[in-house]
Amino acid sequence: MDNELLYRLKEGDRDAFNSVYWRYSPKVYNTVLYLLNDSDIAEDVVQELFLTIWEKRENIQPELNFEAYISIIARNLAYKYIEEALRKNQPLEELNDIKLISSSEEDAIEADSLREYIFNVISSFPEMRRKVFIMSRFENLSHAEIAEKLALSERTVEAHIYQALKELRKVLGNKAVAFLLIYLSL
């Protein structure tokens with residue numbers, strides 16, 4: 001996507017927003033429809049997604065993969081619908097058509113795109129924060145092990161992890177951080 005268009009959207013340009021909407025809404029609709037198998041809900045999710053994009057436009061990072069960004073939001077909204085349906089104790093037959101996991105080629109491409117986006121976000125961290133986060137989340141080292149390897153205090157390690165997760169939440173949203181760790185481990 002044209003970075004200039006995303007910069008204009010980030011600055012509040014409604015024409016840029018409309019262009020983004022018309023470019024991405026069909027794909028978002030199809031993804032959500034596939035997950036939930038309900039066209040009315042898929043339409044609602046598309047509207048909610050683009051409302052979220054407009055409201056959080058200042059968080060858009062045009063140099064990163066925008067398609068992965070909206071895919072994260074779309075999946076989160078679909079999962080939110082599933083959670084709400086389960087919380088309301090809807091009869092199971094009403095949820096039978098919901099696809100929680102898909103193994104299609106499109107989902108594999110989307111997962112790769114998401115991984116790329118997340119790695120771009122992580123690579124934008126200051127060097128020490130990036131090292132600490134990778135050692136913690138990808139190498140599964142304890143805070144004490146990280147502190148020893150990098151000659152830091154455990155408090156400093158905790159602070160780096162906290163700041164990394166805070167930045168990821170800012171860019172991806174709270175629920176997406178949990179899904180992020182699952183996606184990255186695949």
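The values are calculated or read from the model by the stated rules, or taken from the named source; none is laboratory data. Treat the numbers as computed from the prediction; the structure is a model and nothing was measured. Note: ideal-geometry Cβ built from the backbone for every residue, glycine included; neighbour counts use all protein chains shown. These area figures cover heavy atoms from the full protein model, side chains too; ligands, DNA and RNA do not enter into them. Shrake-Rupley method; radii C 1.70, N 1.55, O 1.52, S 1.80 Å.
Annotations
- FRET efficiency, Gln47 to Gln163 (Cβ-Cβ, R0 25 Å, nearest 0.05): 0.15
- Each residue of the range 117-128 was assigned a 3J(HN,Hα) from its phi angle through the Karplus curve 6.51 cos²θ - 1.76 cosθ + 1.60 (θ = phi - 60°); the sequence is 4, 5, 5, 5, 5, 4, 5, 7, 5, x, 3, 5 Hz, with glycine and proline shown as x.
- Rounded to the nearest 10 Å², the accessible area of Asp40 at probe 1.4 Å: 100
- Each residue of the range 8-24 is assigned a 3J(HN,Hα), and the resulting list reads 5, 4, 4, 7, x, 6, 5, 5, 5, 4, 4, 4, 5, 4, 5, 6, 10 Hz, derived from the Karplus form 6.51 cos²θ - 1.76 cosθ + 1.60 (θ = phi - 60°), x at Gly and Pro.
- For the range 1-58, the share of accessible area belonging to carbon and sulfur comes to 44 percent (1.4 Å probe, ligands and nucleic acids excluded).
- Computed from phi, the 3J(HN,Hα) profile of the range 49-57 under the Karplus parametrisation 6.51, -1.76, 1.60 (θ = phi - 60°) reads 4, 6, 5, 4, 4, 5, 5, 10, 4 Hz, with x in place of Gly and Pro.
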